[in-house]
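Report on one structure; see the data block that follows.
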Amino acid sequence: DKGEYEHFMLKEIHEQPVTVQETFRGRVAMDESKIFLGGISDVMPKLLEAKRIVIVACGTSWHAGLVGEYLFEKYARIPVEVEYASEFRYRDPIIFDNDLIIAISQSGETADTLAAIRKVKDSRATILGICNVAGSSISRETHAGVYTHAGIEIGVASTKAFTSQITVLTMMALLLGHKKQILSTEEYQKLIHELTLVPDKIREVLAIEDQIEKIAATYKDASNALYMGRGALFPVALEGALKLKEISYIHAEGYPAAEMKHGPIALIDEKMPVFALALNDNNYEKMISNIQEVKARKGKVIAVVTKGDKAVKSMADHVIEIPEAHEAIAPMISIIPLQILAYHIALMRGCNVDQPRNLAKSVTVE
Ligand code: M6R
């Protein structure tokens with residue numbers, strides 16, 4: 001039931017303050033002192049021994065995996081490889097006994113992701129699932145796992161599953177980081193607190209939907225679009241581009257901002273919209289230079305910035321202001337305006353938002 005919403009996708013975008021909360025409900029202690037993940041507590045000794053994490057996934061779930069790479073590396077100091085399940089399954093991967101394999105899948109039925117975990121089932125590695133659908137094949141064929149609890153997702157374009165997957169990855173990274181004594185109790189609890197702020201920060205972004213809709217109207221006739229970001233916002237750029245291409249059929253690509261000058265910048269002219277993730281973080285100054293490079297080639301810049309920003313605002317054609325967010329949670333907040341943009345652009349182009357052409361909700365065949 002779509003309730004008051006015109007499409008499932010819009011409903012699911014708006015559900016995110018609640019679905020993220022559902023993901024950490026009962027897992028983050030009420031007093032924010034600790035995280036408890038019942039689904040992986042039995043294998044915790046194995047997780048603490050893990051020398052490497054290999055994430056396998058497809059599409060949006062693969063993008064969540066890329067965000068996870070930054071989280072595990074930063075907060076738990078575990079090396080991570082993020083693999084397209086479709087490639088991993090046909091390679092000859094080297095798996096060590098103390099590897100931790102994590103399959104991320106909303107449906108839990110994606111054929112390539114399922115085949116990827118079957119590929120490693122005879123190894124001694126620990127295999128975890130991060131699935132949304134309870135009892136799905138991937139959740140059954142893994143040693144342990146953490147459900148995202150985002151509720152049924154109907155729109156083919158994944159939205160709330162993505163933010164819930166990142167919520168799970170954040171909880172896992174913080175929990176492991178603390179148990180491994182990489183995060184002090186003080187840092188751990190501060191980061192837990194940041195995580196609990198996500199629902200309200202998402203609400204703040206949802207409240208400016210009208211503004212985002214106006215920007216959508218300006219760019220609805222574009223035939224191409226670029227997205228750029230740095231650090232953990234690079235996967236957000238990839239995800240923003242995927243949302244736009246799959247529902248509006250506008251050709252869109254995401255890049256790490258510094259890669260632009262290695263090729264993609266040649267695409268820029270006065271017709272090219274470039275969506276830039278330029279938050280007030282460690283990469284801010286570098287993003288400003290990347291935005292200047294785009295403006296120097298007459299590209300149109302639509303920047304997602306931190307509320308109160310001045311420097312980017314003075315250069316960009318449009319800015320979307322989001323609330324100040326700690327870098328650990330910034331991907332979950334900054335994807336929201338890109339989901340809303342893609343939705344409205346697709347709608348204005350008369351596309352079938354919930355069921356885009358050529359796509360199925362879960363890809364259970366190769
Ligand atoms: O169910 P899964 O998470 O395994 O699905 C993976 C992809 O097929 C899925 O994320 C796809 O890319 C979506 N259409 C993206 O919006």
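For Val82, Val304, the sequence from fewest to most other C-beta atoms within 10 Å is Val82, Val304.
Can you tell me the orientation of helix 160-179 relative to the chain, as the angle in degrees between its alpha-carbon axis and the longest Cα principal axis, to the nearest 10? On a 0 to 90 degree scale, this one is about 50.
Assuming a ≥ b ≥ c are the square roots of the Cα gyration tensor eigenvalues, decide whether segment 6-58 counts as rounded (a/c under 1.5), prolate (otherwise, with a/b larger than b/c) or oblate. Oblate, because a/c is 1.5 or more while a/b does not exceed b/c.
Largest mean-square fluctuation among Met348, Met332, Met171, in a Gaussian network model of the chain whose springs join Cα atoms under 10 Å apart, belongs to Met348. Sorted ascending by nearby beta carbons within 10 Å, beginning with the fewest, Ser139, Ser164 become Ser139, Ser164.
Taking Cα atoms only, the orientation of helix 185-196 departs from the longest principal axis of the chain by about 50 degrees.
In the structure shown, the pairs Lys74/Lys121; Lys245/Lys271; Lys2/Lys361; Lys11/Lys74; Lys220/Lys245; Lys271/Lys361 are assessed against 23 Å; a Cα-Cα span above that value is assigned to Lys74/Lys121; Lys11/Lys74; Lys271/Lys361. Straight-line reach from Lys46: taking Cα to Cα under 17 Å and skipping same-chain neighbours fewer than 8 places apart, the aspartates and glutamates in range are Asp97, Asp99, Asp122.
The separation of segment 301-341 from segment 242-294, counted between C-alpha centres, amounts to 13 Å. Principal-axis analysis of the Cα atoms of the chain puts helix 284-296 at an angle of about 40° to the longest axis.
Checking the a/c ratio against 1.5 first, then a/b against b/c, what shape does the Cα gyration tensor give for segment 130-187?
Oblate, since a/c reaches 1.5 and b/c is not below a/b.
Per-residue Cβ neighbour counts within 10 Å put Val156, Val54 in the sequence Val156, Val54, beginning with the fewest. When the Cα gyration tensor is reduced to axis lengths a ≥ b ≥ c, the ratio a/c is 1.5 or higher for segment 1-105, and with a/b not above b/c it is classed as oblate. Mind jotting down the distance between the C-alpha centroids of segment 136-213 and segment 5-27, whole Å? Measuring centre to centre over Cα atoms gives 11 Å. Across segment 112-242, the relative contact order, built from alpha-carbon pairs under 8 Å that are at least six residues apart, equals 12 percent. Extension gain for Lys295 to Arg357 (0.36 nm times residue separation, less C-alpha to C-alpha distance): 18.9 nm.
Taken together, the values in this text are just the output of simple stated rules run on the coordinates, not laboratory data. Bear in mind that the values here come from a model prediction, so they are computed numbers and not experimental data. Here the Cβ is made from the backbone with ideal geometry for all residues, glycine too, and neighbour counts use every protein chain on show.
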